[in-house]
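Colleague: Could you have a look at this structure, given as structure tokens, before my questions?
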Amino acid sequence: MVHYDPYMPEIMDDPHRVYAQLRAESPIHYIERFDAWALARFEDIWEASADDVHFSVGNATAERGFLEGEPTTMEVLSSIDPPRHTGLRKRLFPHFGPRAARALEPRVREWVRECIERHAPTGRMDAVNDLAQPIAFRVACAVSGFPVEDADDLIRMVRDSFHREEGTEGQTEVGQLARDEMRDYLIGLAARHQAGAVNVHALDVLASESEANVPFTAEQIGQHLTLLLVGATETFPKAFASGLLRLWQHPDQRRELCADPSLIPKALQEMFRFDMPTQWLGRTTIRDCEIRGQSIRTGQPVLFLYPSGNRDEQEFEKPDVFDIHRDPPRILTFGTGTHRCLGAFMAEMEGRVLLEELLRVCPDYEVLESEVFWPATEFVQGYRDFPIAFDPPS
Ligand code: HEM
């Protein structure tokens, strides 16, 4: 009988063996200690993500509090339901959508080239810390309205806020301190921002937002900025580093990409499918329902095990094979439905530009396997350090 708990050490090391067992033996899995359910199959996660009738995002943050039914005071885009969610998302979307991503692309390319040029002569760089992470933070700053010169401080705060300790489940004291620091910084930024500023950033939208005719407080704006910053920066660099690992493990596919960069968007989808960093996000059941004959009661939390869905053999042929030509009609990496990732277009643009530039300058990079670092966490999994070596360009 398969055992699953999001905090199991096995899940933190390599969750896919347990996920495969769950799909086969217990696709709607009851987690007794949290009185919660975990969904392991693609179709179930896809359907439940789009089901605003039976499930609510209220209180569904990825913390133990959600599983233990503790109320949260967070009121951000990802934790409010329609109809409140609808208008705010519509006003924010233009800053994240395909047109915004296309407009930002030339600056992103410039930043990527600067990062690569700085490190290329040494023949070595860390694909997370020297490349994907600074780019993800600059994109977050540019879209959200943070001063770009604060990016390094922000990198530290976000990184520490996900601090984990062996033997401690969930958040640690270091993590809580970093979250408090980040919250104060973001509230300060929101308070300094004048409502009615030119509409070029998400921050302008938030500053002119109101609820029941009461303008958002600096605290509310700060909470939204935290979501944007963390959403934009914690996931992307990890997904990118894992993708570089897969290309390195499949040199034929890497050579194909170098020879024909028009394959990069498809390859990126496969990278995002194969190694989805966010292990789960959840919903709270607001109306009794049934999934595959299993009754789910009002009030019970439901976890979407996205990486399991992305390796579901009922959705993908040979799901454990990495294949840049796969081109599936849908993947779960950005979710679906009302709360589909707002930054998906930005992430796809960043990933494409990074791959185009990196493979052009360092087509034969080697992963320095003995130096990579994968911290243990139940939540957003991936490499924190990912050094690569290559022949310096002549
Ligand atoms: C590879 C990178 C990324 C991954 C894997 C990812 C994944 C996700 C997932 C799974 C959701 C939740 C979907 C749901 O609950 O149904 C989400 C929501 C969200 N993401 Fe992303 N994301 C990424 C990049 C970004 C970026 C770059 C940004 C911002 C620039 C961003 C901002 C957001 C926001 C604001 C939401 C909440 C949307 C809403 O509730 O309406 N994400 N993301």
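The values are calculated or read from the model by the stated rules, or taken from the named source; none is laboratory data. Every value quoted in this text rests on a predicted model; they were computed, and no experiment measured them. As a convention, Cβ positions derive from the backbone with ideal geometry for all residues, glycine included, and neighbour counts pool all protein chains shown.
Colleague: Considering the range 372-389 alone, what residues qualify as being surrounded by 18 or more Cβ atoms within 10 Å (Cβ to Cβ) and charged (D, E, K, R)?
Modeller: Selection gives Glu378, Arg384.
Colleague: If we scan the range 87-108, do we find a residue that is assigned to a helix (DSSP H, G or I), loosely packed, with under 12 Cβ neighbours inside 10 Å and modelled with pLDDT under 95?
Modeller: Yes, the range 87-108 contains at least one residue that is assigned to a helix (DSSP H, G or I), loosely packed, with under 12 Cβ neighbours inside 10 Å and modelled with pLDDT under 95.
Colleague: Further, regarding this structure: Determine whether the range 141-164 contains at least one residue that is out of contact with any strand residue (DSSP E or B) (no Cβ under 9 Å at 6 or more places or on another chain), β-branched (Val, Ile, Thr), more than 16 Å from the ligand (Cβ to nearest atom) and closer than 25 Å to Lys90 by Cα.
Modeller: No - not one qualifying residue is present in the range 141-164.
Colleague: Check Pro392 against each of (1) surrounded by 17 or more Cβ atoms within 10 Å (Cβ to Cβ); (2) in contact (Cβ under 8 Å) with a residue 40 or more places away in the chain and name the one condition it does not meet.
Modeller: Condition not satisfied by Pro392: (1).
Colleague: Counting only residues that are touching a residue at least 40 places away in the same chain (Cβ under 8 Å) and within 13 Å of Ala36 (Cβ to Cβ), which one in the range 297-326 is surrounded by the most Cβ atoms within 10 Å (Cβ to Cβ)?
Modeller: Leu305
Colleague: What pairs come up if the first residue lies in the range 327-346 and is over 15 Å from Gly231 (Cβ atoms) and more than 6 Å from the ligand (Cβ to nearest atom), the second is among the aromatic types (Phe, Trp, Tyr) and in a loop (DSSP other than H, G, I, E, B), and their beta carbons are under 8 Å apart, counting only those six or more places apart or on different chains?
Modeller: From the range 327-346, the pairs are Pro328/Phe316.
Colleague: So which of Ser394, Ser308 is away from the ligand (no atom under 11 Å from the Cβ), modelled with pLDDT under 95 and among the small types (Gly, Ala, Ser)?
Modeller: Ser394
Colleague: Which residue out of Arg352, Arg384, Arg360, Arg326 is within 14 Å of Pro237 (Cα to Cα), at pLDDT 95 or above and of a type in the set (Lys, Arg)?
Modeller: Only one candidate passes the filter, namely Arg352.
Colleague: Report yes if some residue within the range 224-238 is surrounded by fewer than 15 Cβ atoms within 10 Å (Cβ to Cβ) and β-branched (Val, Ile, Thr); otherwise report no.
Modeller: no
Colleague: Right, here's the next one. State which residue is nearest to the ligand (Cβ to nearest atom) when the search covers only the range 43-72 and only residues that are part of a loop (DSSP other than H, G, I, E, B), at pLDDT 90 or above and under 22 Å from Thr333 (Cβ atoms).
Modeller: Taking the candidates together, the pick is Val57.
Colleague: Output the residues belonging to the range 117-146 that are of a type outside the set (Val, Ile, Thr) and out of contact with any helix residue (DSSP H, G or I) (no Cβ under 7 Å at 6 or more places or on another chain).
Modeller: Within the range 117-146, Glu117, Arg118, Pro121, Gly123, Arg124, Asp126, Asn129 qualify.
Colleague: Now for a different question. Look at Leu39 and say whether it is at pLDDT 95 or above, surrounded by 19 or more Cβ atoms within 10 Å (Cβ to Cβ) and aliphatic (A, V, I, L, M).
Modeller: Yes: the conditions hold for Leu39.
Colleague: Another one. Picking from Ala212, Ala202, Ala195, Ala190, which residue would you name as being within 14 Å of the ligand (Cβ to nearest atom) and either within 27 Å of His339 (Cβ to Cβ) or modelled with pLDDT of 85 or more (or both)?
Modeller: The unique qualifying residue is Ala202.
Colleague: Does Pro363 fit the bill of being touching a Cys at 6+ places or on another chain (Cβ under 8 Å), away from the ligand (no atom under 16 Å from the Cβ) and not in a helix (DSSP H, G or I)?
Modeller: yes
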